[in-house]
2 protein chains.
Amino acid sequence: MAKEITIYDIADKVGLSPTTVSRALSDSPSVRPKTKEKVNQAAKSLGYRSNIFAASLRKKSTHNIGVIVPRLNSSFQSSVLAGMENIASQAQYNLIISQSLESSKKEQTNALTMYNSHVDGLLVSMAENTGNTDHFKPFTEKGIPLIFFDRTPDEPSSPSIIIDNTQAAYAATSHLLDQGCRNIHHIVGNSGISTYKNRIKGFKYALMDRQLPYTEEQNIYSVLNEESGEEIANIILQIDPLPDGLVISNDACAASCIQYLKKKGIRIPQDIAIVGFNNDAISRLIEPNLSTINYPGYEMGEIAMRNLLLRLSENDDSPGTNETITLKSELIVRESSLKK
Amino acid sequence: MAKEITIYDIADKVGLSPTTVSRALSDSPSVRPKTKEKVNQAAKSLGYRSNIFAASLRKKSTHNIGVIVPRLNSSFQSSVLAGMENIASQAQYNLIISQSLESSKKEQTNALTMYNSHVDGLLVSMAENTGNTDHFKPFTEKGIPLIFFDRTPDEPSSPSIIIDNTQAAYAATSHLLDQGCRNIHHIVGNSGISTYKNRIKGFKYALMDRQLPYTEEQNIYSVLNEESGEEIANIILQIDPLPDGLVISNDACAASCIQYLKKKGIRIPQDIAIVGFNNDAISRLIEPNLSTINYPGYEMGEIAMRNLLLRLSENDDSPGTNETITLKSELIVRESSLKK
């Protein structure tokens with residue numbers, strides 16, 4: 001690499017003292033505007049890098065925010081990241097992003113790397129098999145703000161941004177009941193993940209509130225991606241009597257399941273009414289259009305980042321620091337569930 | 001924040017000299033394994049952060065790689081990022097990610113931020129209105145590896161990873177010609193972007209090679225997202241005579257366009273045969289299933305990152321440093337284009 005340009009090089013070029021150059025670069029009021037302009041032009045022409053990095057070491061701030069997500073190539077998570085980046089870049093913070101690939105072990109490594117890189121704060125959506133949050137303790141112990149989003153610990157010791165997953169699944173299930181469905185199954189992810197655990201609750205409560213039977217067998221567990229749609233369809237087709245309603249926790253998976261069921265001669269919604277989750281583009285393009293829960297990923301990212309930056313701007317811990325922020329989600333009814 | 005733990009604190013705790021502690025932490029052979037274990041345990045219990053950050057300043061390496069993409073919430077770009085992260089994290093590098101939001105001005109700001117954060121290398125997919133690459137010159141001048149991917153400059157002064165967009169559009173267009181289409185239109189993005197400029201060439205050459213007329217009016221420019229599908233459909237419906245084939249440079253846009261054309265009574269592929277681009281999940285779920293170009297985003301991310309890390313591990317510039325790596329793409333034929 002080429003030699004790093006210092007304020008001494010700039011001082012040489014403009015014929016001023018290094019002290020004056022340093023003051024000019026930090027926009028000190030003691031330096032005349034004309035001098036500042038001269039210094040800044042020289043800095044630019046020499047390729048000087050404002051020494052954020054060394055300054056960071058002194059100030060103990062890197063202006064880097066760490067983000068750990070289960071997978072980067074997820075429609076939901078990429079919306080969240082877009083929202084986070086939008087807020088962070090306005091405040092001149094960088095995002096350092098890593099993915100746990102749904103592995104608790106990789107999540108631990110990611111956390112350690114973020115810690116050793118001295119991130120100013122950390123935003124986490126947890127991997128499916130992460131049992132405890134011990135690997136995030138070094139952050140809280142050092143007073144580095146930590147916020148969980150979407151997939152959060154059971155008993156969060158840190159602030160969390162979520163949607164009310166219990167309520168969302170309750171709404172989806174109740175809608176199918178209103179349409180006359182009486183044999184509803186629930187396709188859902190690993191119940192170790194907070195989001196799915198709560199959706200199972202919502203599904204159950206909706207049935208219970210109508211005095212309808214609920215059994216654990218009504219939950220069918222899946223990785224919930226496009227590829228698993230066919231597998232789920234095959235499981236459904238073997239249930240006797242055939243279910244008349246499905247709540248599927250992911251739109252891409254629901255769309256692929258619908259496609260396969262249709263190939264097998266099942267009419268949607270007449271034979272089986274279906275509600276998805278996320279309001280992805282695919283829900284508006286599959287035939288019949290998919291009823292779904294609008295899950296505001298971009299907004300969740302913006303709010304999580306705003307909240308983290310707020311904590312960074314505060315010098316001490318504010319009261320109510322472990323609150324949970326719950327975003328509004330809503331059921332969008334389309335043809336895939338309209339029996340009436 | 002809590003006070004930063006130093007090697008002096010560890011030395012106090014274990015009753016050894018700071019020099020021994022420092023050697024133990026850096027796994028020096030001059031320290032006995034038992035002592036190392038003792039020091040490492042004390043470091044862990046005190047919450048010591050291995051000082052990558054200060055060490056980075058000395059070594060002039062941050063182990064951070066910058067990535068600038070047009071948009072984070074893009075199915076293609078999130079696959080690319082997932083591939084990059086996979087390779088980077090194995091080599092213990094972090095990704096610093098920012099989005100230009102298709103603004104050349106924001107891209108310039110992003111580049112400056114990355115430069116001032118002392119990233120070890122930079123990977124860029126350019127914004128649509130970026131006319132020149134002057135804002136990346138500080139990187140090349142300082143010997144910081146810079147690689148463009150997908151959307152690259154016209155005359156790259158840095159290595160580029162792309163697919164052969166000319167060939168891909170040529171294949172899509174030739175396939176429609178083979179199906180008997182003779183009035184084909186091309187829905188494409190801003191021709192200032194390398195990918196689209198080359199697809200326009202491919203479209204044109206395919207027609208010319210069959211001695212068929214080509215006019216600039218056959219290209220219809222669009223932002224190519226789900227929302228623009230209806231707008232494009234309306235433009236197509238007003239063309240007289242009605243086109244019998246469309247090459248649409250994005251699957252989500254093509255799917256939404258198909259949906260709207262069907263609503264208006266157009267039969268796909270009988271009236272209009274359609275080929276998309278990217279092989280997104282939506283291409284496999286829309287009816288009829290969409291013929292498309294398989295565009296290997298994850299693989300592109302992996303290769304771009306591997307290439308960058310290779311450059312970082314080399315001390316001097318290797319020969320052929322500005323080569324272009326072209327990945328294989330392929331036409332996948334499905335029902336949306338099969339007239340015969």
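Structure data summary
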item: Pair B:N225, B:Y8: separation of 7 Å Cα→Cβ label points (nm); result: 5.4 nm
item: Measure of compaction for segment A:182-340 (Cα Rg per 2.2 N^0.38 Å); result: 1.20
item: Per-residue mean of C-beta atoms belonging to partner chains within 10 Å, peptide B:64-73; result: 4
item: Of A:T140, A:T35, A:T166, the one that fluctuates the most in a GNM where chain A has Cα springs shorter than 10 Å; result: A:T35
item: Rg/Rh (Cα only; Kirkwood hydrodynamic radius) as it applies to segment A:82-211; result: 1.08
item: The protein assembly as shown - accessible surface per residue (Å², probe 1.4 Å); result: 43 Å²
item: Förster radius 41 Å - calculated FRET efficiency between A:T19 and B:S191, Cβ distance, rounded to 0.05; result: 0.20
item: Accessible surface, 1.4 Å probe, highest first, among residues B:E4, B:E287, A:E330; result: A:E330, B:E287, B:E4
item: Calculated SAXS-style log₁₀ I(q)/I(0) at q = 0.16, 0.21 Å⁻¹ - segment B:21-143, Debye, Cα scatterers; result: -0.84, -1.16
item: Inter-chain shielding of A:161-172 (mean C-beta neighbours from other protein chains, 10 Å cut-off); result: 0
item: GNM flexibility winner over chain A from A:A82, A:A111, A:A91 (Cα, springs under 10 Å); result: A:A91
item: Inter-copy separations for B:S61, label at 7 Å along Cα-Cβ, nm, ascending; result: 2.9
item: Range of Cα positions in segment B:7-50 per principal axis (Å), largest first; result: 24, 16, 16
item: Whole-percent pair-distance distribution, where bins are 10 Å wide, for the alpha carbons of chain B; result: 5, 22, 24, 18, 13, 8, 6, 3, 0
item: Eligible aspartates and glutamates near A:K105 by straight Cα distance, threshold 20 Å, same-chain separation 8 or greater; result: A:E128, A:D134, A:D150, A:D154, B:E85
item: Teacher prompt: A:R32 distances to equivalent labels in other copies, 7 Å Cα→Cβ, nm; result: 6.9
item: Neighbouring partner chain Cβ atoms per residue of A:85-95, average, 10 Å criterion; result: 4
item: Of all DSSP beta bridges in the protein assembly as shown, antiparallel share, percent nearest 5; result: 15 percent
item: Relative contact order [Cα under 8 Å, 6+ residues apart], chain B, whole percent; result: 17 percent
item: Spin-label pair A:S157/B:I332, simplified geometry with 7 Å Cα→Cβ offset, distance in nm; result: 4.5 nm
item: Listed peptides B:289-296, B:227-234 by packing density, highest first (mean Cβ within 10 Å); result: B:289-296, B:227-234
item: The protein assembly as shown - Rg over Rh from alpha carbon coordinates, Kirkwood radius; result: 1.01
item: Among A:L112, A:L312, A:L46: highest mean-square fluctuation, GNM of chain A, C-alpha pairs under 10 Å; result: A:L46
item: Shortest-first nm distances, B:V223 label point to equivalent points in other copies (7 Å, Cα→Cβ); result: 3.5
item: Axis-proximal residue, chain A, for the rotation superposing A on B (Cβ, Å); result: A:S78, 2
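The values are calculated or read from the model by the stated rules, or taken from the named source; none is laboratory data. It should be emphasised that the depicted structure is a prediction, and the values quoted were computed from it without experimental measurement. Neighbour counts run over all protein chains shown; Cβ positions are idealised from the backbone, glycine included. The area values use the complete protein model at the heavy-atom level, side chains included, leaving out ligands, DNA and RNA. Shrake-Rupley method; radii C 1.70, N 1.55, O 1.52, S 1.80 Å.
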